[in-house]
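A quick write-up on the structure given underneath.
Bear in mind that the values in this text are calculations on the coordinates, not laboratory data. Source: prediction; values computed, not measured. Virtual Cβ from ideal backbone geometry, glycine too; neighbours counted across all protein chains shown.
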Amino acid sequence: MARSTTKSSPQYYDASNAAGARKRPRASRGAGRWILGIVLMSTFTYVYIGGHFGWYSMWELEQRRSELEMSVSKLEAQRMDLTSELEMLKKDPVSDTQLRMNIERKAREEHGMARDGEMVFRFRDAEQDKVDGDRKNPLAPRPE
């Protein structure tokens, strides 16, 4: 039987192929290219967008960096305040009346201290009253 040499059949004979092997149909070559393209696009997407050094990771690192820079600036301001307070406390309060007034003010405001015979009045904020509106007055006498 003679072999058909028509090109319409997927199993046609190619004269350039000396071994006489069959060629793959064109449809399978096109599918292979699509699969290769999808794999390459997926790899590209992972590497440049979602990978360890991708866009999203770099964006997260930039956000974290800005948060840390803000934290550092707050800590620097706090350090400068504490340094100035330390310098103030190193001076002699007996000879410097301004320093003595600052120390008294700090003791009154931060620690609730008072001189002998003084009465301290504390006022509640209006905002605190709104928050504590449903609670009973803690200073009211308890019923027995």
In nm, spacing of pseudo-spin labels at Ile35 and Asp92 (7 Å Cα→C-beta vector): 9.2
Solvent-free Debye scattering, log10 I(q)/I(0), computed from the Cα coordinates of the stretch 26-114 at q = 0.14 Å⁻¹: -0.75
Gain upon complete extension [Ser71, Arg108; 0.36 nm per residue less C-alpha separation]: 10.4 nm
